[in-house]
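Trainee: Dropping a structure here in structure tokens format, bear with me for questions.
The values are calculated or read from the model by the stated rules, or taken from the named source; none is laboratory data. Computed from a predicted structure; not experimentally measured. Quick reminder, even Gly has a Cβ in these numbers, built from the backbone with ideal geometry, and neighbours come from all protein chains shown.
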Amino acid sequence: MTGQLSGATQKLSGRNDASTIVAKGNYLLTISGLDLSTLQCPAQLGSIPWEPGLVLFVQSKTPSSGVLDLNYAKPTGAAGRVDSWEAPIDGYSYKFQFFRWSSSNSVTNADGSTTVSFRDGSVEVFKKKGGRILSREQCFGAYLNYDLTVK
């Protein structure tokens, strides 16, 4: 494991039933143990300027409160869209997207909450100001593990 995205168990608005978790709400996220020397973040040409170091910057500013947007199908683990977490940091908004997971699994806990374990995922960070995307950095491959508990 080269990194961990985690958050304390919190109650989120949304749905958690036998078939789906749909959550959108405030969430405290911590990115820890991310070994940036193992990340592969080659510059990508495109309409959005590339800014190396965004993943490191967001990691250095966590734990931070932001809005989580999650859509997870049980038991298949299929995502209905790209999962993301967006937080204001130093006058900008940073959107941290999680995608290309090699596997995911959910476990129902005794208290009625569900823990979703995403394994070997990639990340993309967008730096925004006033709703406009200013720059981005994307890191490919199997890098991050992420556990999320939704009640």
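Trainee: Tell me, yes or no, whether segment 136-147 has at least one residue that is modelled with pLDDT under 80, under 15 Å from the mean Cα position of the chain (by Cα), over 23 Å from P42 (Cα atoms) and surrounded by 13 or more Cβ atoms within 10 Å (Cβ to Cβ).
Mentor: yes
Trainee: Continuing with the same structure: Could you look through segment 80-125, keep only residues that are among the basic types (K, R) and assigned to a loop (DSSP other than H, G, I, E, B), and pick out the one that is modelled with the highest pLDDT?
Mentor: Residues of segment 80-125 among the basic types (K, R): 81, 95, 100, 119.
Pick out the ones that are also assigned to a loop (DSSP other than H, G, I, E, B) and you get 81, 100.
Details: R81: 62, R100: 68.
That would be R100.
Trainee: Note down all Cβ pairs under 6 Å where the first residue falls in segment 103-126 and is within 14 Å of N16 (Cβ to Cβ) and free of Cβ contacts under 8 Å to residues at least 40 places away in the same chain, the second is surrounded by 12 or more Cβ atoms within 10 Å (Cβ to Cβ) and polar (S, T, N, Q), and they're at least six residues apart or on different chains.
Mentor: Listed by first residue and then by second, the contacts come to V107/T115; T108/T114; T115/T149.
Trainee: Counting only residues that are surrounded by fewer than 16 Cβ atoms within 10 Å (Cβ to Cβ) and modelled with pLDDT of 80 or more, how many does segment 23-50 have?
Mentor: The qualifying residues number 10.
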